[in-house]
Amino acid sequence: MAKQAGQANVAEQVGHAGLTAMGALAREMAWALRESMNLLRVENQARENTAESRASFLTREFLRAKPDEFHGGPEPKKADEWLAQTVKTYEKLYIEDSELRVTLASYYLKGDGGQWWKYTKGRVEPTWEALAVAFQDKYIPPTARERSRQEFKDLKELDMPMAEFEADFSSLSRFALELVATEERRCIEFEKKI
């Protein structure tokens with residue numbers, strides 16, 4: 001019996017030691033889980049900050065590029081040039097985020113252009129593609145596009161300085177993309193006009 005009591009006492013001590021070890025292990029696991037959660041939280045915050053920092057950086061660089069303002073008005077070529085210049089700035093700075101493009105472009109819509117966007121933005125998706133289409137529909141209507149297309153088709157160098165001819169060729173060719181779809185077609189078209 002004394003032997004059984006001794007064994008029970010040993011079992012009780014081992015059981016108590018096991019429970020103590022299990023408790024310590026549980027506390028260690030809880031601590032490790034809290035640390036993992038904290039690390040995940042920090043990593044997520046860093047990702048958010050990086051994305052926010054990139055948007056802030058791109059905004060600063062876009063504003064530093066000082067793109068032209070667009071004030072509206074009935075001059076389709078100016079509207080097209082503003083749109084092309086804005087896209088060129090996006091490409092130069094690698095601005096691909098569509099919503100950021102909308103925000104940046106809308107900042108440079110002033111006067112009539114700003115009023116137009118103020119009333120249009122609620123009726124179109126907040127994407128660059130939607131803004132560009134709505135902008136073209138408003139400021140570069142189909143009749144103006146067709147007129148510019150025809151102007152490109154009729155363009156001849158004649159007595160025009162070559163630099164002016166090249167600028168007109170480049171500007172108007174955007175309205176006749178099917179005629180200059182490849183570099184070879186572009187060269188052929190250019191040669192026909194000089």
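The values are calculated or read from the model by the stated rules, or taken from the named source; none is laboratory data. No experiment lies behind these values; they were computed from the predicted model shown. Because the Cβ atoms are built from the backbone with ideal geometry, glycine has one as well, and the counts that use them run over all protein chains shown. Note: areas computed on protein heavy atoms with side chains; ligands, DNA, RNA excluded. Shrake-Rupley method; radii C 1.70, N 1.55, O 1.52, S 1.80 Å.
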Subject >> From Ala144, Ala181, residue being of a type outside the set (Lys, Arg), in a helix (DSSP H, G or I) and open to solvent by less than 90 Å² (accessible area, probe 1.4 Å) >> reply: Ala144
**OP:** Taking the residues in the stretch 147-178 that are of a type in the set (Gly, Ala, Ser) and closer than 18 Å to Thr86 by Cβ as candidates, determine which candidate is surrounded by the most Cβ atoms within 10 Å (Cβ to Cβ).
**Re:** Ser171
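Yes or no, residue by residue, for (1) closer than 21 Å to Leu172 by Cα; (2) of a type in the set (S, T, N, Q):
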{"position": "Asp80", "(1), (2)": "yes, no"}
{"position": "Thr89", "(1), (2)": "yes, yes"}
{"position": "Leu93", "(1), (2)": "no, no"}
{"position": "Val102", "(1), (2)": "no, no"}
{"position": "Tyr107", "(1), (2)": "no, no"}
Original post:
Restricting attention to the stretch 57-115, which residues are over 16 Å from the mean Cα position of the chain (by Cα) and in a loop (DSSP other than H, G, I, E, B)?
Top reply: Lys66, Pro67, Asp68, Glu69, His71, Gly72, Gly73, Pro74, Glu75, Tyr108, Lys110
**OP:** Test Ala65 against the criterion of being under 23 Å from Pro141 (Cβ atoms) and modelled with pLDDT under 95, and give yes or no.
**Re:** no
Original post:
Got a sec? Which of Arg147, Arg101 is at pLDDT below 95, of a type outside the set (Val, Ile, Thr) and out of contact with any His (no Cβ under 9 Å at 6 or more places or on another chain)?
Top reply: Arg147
